[in-house]
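Okay, so here's the structure we're looking at.
Nothing in this text is a laboratory measurement; each read-out follows from the coordinates by a stated rule. Everything numeric in this text was worked out from a predicted model, so none of it was measured. Here the Cβ is made from the backbone with ideal geometry for all residues, glycine too, and neighbour counts use every protein chain on show.
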Amino acid sequence: MKISSKTLVVLSIMFCYVISLCHGSFRPFTKTVVTLTNNISPPTVLTLNCTSKSDVLTGNVPPGQKYLWKFIANWWLTTKFTCRFSWANQVKWFDVYTADRDQGNCFECNWSIMADRLCSSGYLDQANNRCYQY
Ligand SMILES: *[C@@H]1O[C@H](CO)[C@@H](O)[C@H](O)[C@H]1NC(C)=O
Ligand SMILES: *[C@@H]1O[C@H](CO)[C@@H](O)[C@H](O)[C@H]1NC(C)=O
């Protein structure tokens, strides 16, 4: 099976990311995984650029594919990842992880990315799973 170069790029970014976050933390915490799935109508490729204070994650996600990364949320509740989603002539922004909303509430923070909204499915309390307009 051929592993695409995109997959390798995603994996290397994730690897660097995990290393950079583990470095400097003095105690292991539970890892959080954010998974974004491109559910925009095929054949639309989703381009994403997700940034936190210290990280920039970028990639192109083919239809139906997932993009994920792991991190350990900090103790002082400031962990935040904001994504810029773009495809065709569209540009949308969304905070896919913010400590206020998410810390302790999801450890598999899954988002389905659609053209007009995005929906969560990873909250421990199912009642928190919902869709947001951009
Ligand atoms: C991603 O966004 C950051 C912050 O806005 C920017 O500095 C960076 O150049 C962007 N990267 C890509 C590949 O668009
Ligand atoms: C989140 O997505 C991952 C990857 O598809 C999946 O393995 C996991 O079961 C999902 N978790 C939840 C809570 O939906």
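Between a residue in region 116-127 that is farther than 25 Å from residue 85 by Cα and any residue that is part of a loop (DSSP other than H, G, I, E, B) and near ligand 2 (Cβ under 9 Å from one of its atoms), which pairs come within a Cβ distance under 7 Å, given they are 6 or more apart or on different chains?
124/106
Filter region 107-134 down to residues that are among the hydrophobic types (A, V, I, L, M, F, W, C), away from ligand 2 (no atom under 11 Å from the Cβ) and exposed (fewer than 14 other Cβ atoms within 10 Å of the Cβ), then give me how many there are.
Counting residues in region 107-134 that are among the hydrophobic types (A, V, I, L, M, F, W, C), away from ligand 2 (no atom under 11 Å from the Cβ) and exposed (fewer than 14 other Cβ atoms within 10 Å of the Cβ) gives 2.
State all residues of region 87-101 that are among the basic types (Lys, Arg) and either free of Cβ contacts under 8 Å to residues at least 12 places away in the same chain or more than 16 Å from ligand 1 (Cβ to nearest atom) (or both); if no residue qualifies, say none. Walk me through how you get there before you give the answer.
If we filter region 87-101 for residues that are among the basic types (Lys, Arg), which is where we start, we get 92, 101.
Passing the criteria: only 101.
Can you tell me which residue within region 71-85, out of those that are among the β-branched types (Val, Ile, Thr) and assigned to a loop (DSSP other than H, G, I, E, B), is nearest to residue 46 (Cα to Cα)?
Among those residues, the one meeting the criterion is 79.
Tell me which residues, restricted to region 39-70, are in contact with a Ser or Thr (Cβ under 6 Å, 6 or more places away or on another chain) and of a type in the set (A, V, I, L, M, F, W, C).
68 - this is the single residue of region 39-70 that is in contact with a Ser or Thr (Cβ under 6 Å, 6 or more places away or on another chain) and of a type in the set (A, V, I, L, M, F, W, C).
Working only within region 67-106, note down all residues that are surrounded by fewer than 17 Cβ atoms within 10 Å (Cβ to Cβ), within 16 Å of ligand 2 (Cβ to nearest atom) and hydrophobic (A, V, I, L, M, F, W, C).
Of everything in region 67-106, just one residue is surrounded by fewer than 17 Cβ atoms within 10 Å (Cβ to Cβ), within 16 Å of ligand 2 (Cβ to nearest atom) and hydrophobic (A, V, I, L, M, F, W, C), namely 68.
When the residues of region 36-66 are narrowed to those that are within 15 Å of ligand 2 (Cβ to nearest atom) and part of a strand (DSSP E or B), which ends up nearest to the chain's Cα centre (by Cα)?
36
Test residue 104 against the criterion of being free of Cβ contacts under 8 Å to residues at least 40 places away in the same chain and more than 16 Å from ligand 1 (Cβ to nearest atom), and give yes or no.
Values: free of Cβ contacts under 8 Å to residues at least 40 places away in the same chain: yes; more than 16 Å from ligand 1 (Cβ to nearest atom): yes.
It is true that residue 104 is free of Cβ contacts under 8 Å to residues at least 40 places away in the same chain and more than 16 Å from ligand 1 (Cβ to nearest atom).
Look at region 107-117 and say how many of its residues are farther than 24 Å from residue 30 by Cβ and assigned to a strand (DSSP E or B).
2
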